[in-house]
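The values are calculated or read from the model by the stated rules, or taken from the named source; none is laboratory data. Bear in mind that the values here come from a model prediction, so they are computed numbers and not experimental data. Please note: Cβ atoms are built from the backbone with ideal geometry, for glycine as well, and neighbour counts cover all protein chains shown. Side chains included, ligands, DNA and RNA excluded: accessible areas come from the protein's heavy atoms. Shrake-Rupley method; radii C 1.70, N 1.55, O 1.52, S 1.80 Å.
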Amino acid sequence: MTSSVPPEGSIPRHVAIVMDGNGRWARKRFMPRIFGHKYGMETVVRVIDHCQKRGVEYLTVYAFSSENWKRPEDEVSGLMNLVLVGISKYLAKLASRGVRIHVAGDRSKVSERVRHAWNEAEEQTRNNTGLHVTVAFNYGGRWDIVQACQRALAEGVSPEALTEEALSRHMALAYAPDPDLFIRTGGEVRVSNFLLWQLAYAELYFTDCLWPDFDEAELDKAFADFARRDRRFGGVKQAQAPEQSA
């Protein structure tokens, strides 16, 4: 299927995605759930490529929530292994294309091998100036707000000085602008504790498409829908003055 080019000026600067539906995609094909996550990882790489082509500057994907530890042990173990496989398989390619990789989340609960892989990915791409890709792993929006408050207090920020701007500087994605477009695949209609602080004025887009099937055409559909939104950020759109007749 050929995707149509979105209108000029319609591309969001920062896209955030909840990549839902991997397990259901695999189950429909009588495969173990982990195969859905494997194919989903390949979808991430395709979406990164397409975001680069379209001019997106920041892409944040929800890979593992702080609630996902409740999943079966073999699935959690498989997801951790996929981190290692993905970095080994795709890091050189992404780095050569100018992608800068960030990892956002609580690193204390993952293994030393996974932390080392994350550090390697961030270090190898530190000087890249292309698309910023953030992988939210063992991440939760509530965790993010709490850790930002803790960091601010540890730095001696007084209650009176703890403004929205001050707290934003301590959030896990302090290096990125707030998302313009939030996408969730898989048919569920909720944000699931993802970027609660940062999504305050994001446009929300939900699709029934399961994540492994989410291709360039599906992403362009989301961009086209975003282009039709009237973003006022709490204000009122000014009425255009009628044209003067000659």
- prompt: What ranking do 113-119, 48-54 get when scored by the average of other Cβ atoms within 10 Å per residue, highest first?
  reply: 48-54, 113-119
statement: Rg (one decimal) and Dmax (whole number) from the Cα set of the chain, in Å, equal 19.3, 74
- request: Mind pulling the per residue volume of the convex hull built on the Cα atoms of segment 97-194? Å³ is fine.
  value: 149
Check: the chain dipole with +1 on Lys, Arg Cβ and -1 on Asp, Glu Cβ, in debye: 540
- request: Please name which of Phe137, Gln124, Ala154 has its Cα lying farthest along the dipole of segment 77-181 towards the positive end, using unit charges on Cβ (Lys, Arg +1; Asp, Glu -1) and the Cα centre as origin.
  value: Gln124
statement: Reduced to Cα centres, the span from segment 102-148 to segment 170-218 in Å works out to 17
message: What does the extension gain come out to for Val85 and Arg151, with contour length at 0.36 nm per residue minus their alpha carbon separation?
response: 20.5 nm
field: Per-pair calculated FRET efficiency, R0 = 51 Å: Phe30 and Ser158 via Cβ, rounded to 0.05
entry: 0.30
Total lysine pairs under 19 Å (Cα atoms) in segment 30-147, excluding pairs fewer than 8 apart on one chain: 4
- prompt: What is the spin-label model distance, in nm, from Asp213 to Arg107 if the labels are put 7 Å beyond Cα along the C-beta direction?
  reply: 3.8
- prompt: When ligands, DNA and RNA are left out and all protein chains stay put, how many square angstrom of accessible area per residue does the chain have with a 1.4 Å probe?
  reply: 55
- request: Give the carbon-plus-sulfur fraction of the accessible surface of the chain in %, rounded to a whole number; probe 1.4 Å, heavy atoms of protein chains only.
  value: 50
- request: Measure off 7 Å from each Cα along the Cα-to-Cβ vector at Asp225 and Ser168, then give the distance between these two points in nanometres to one decimal.
  value: 2.6
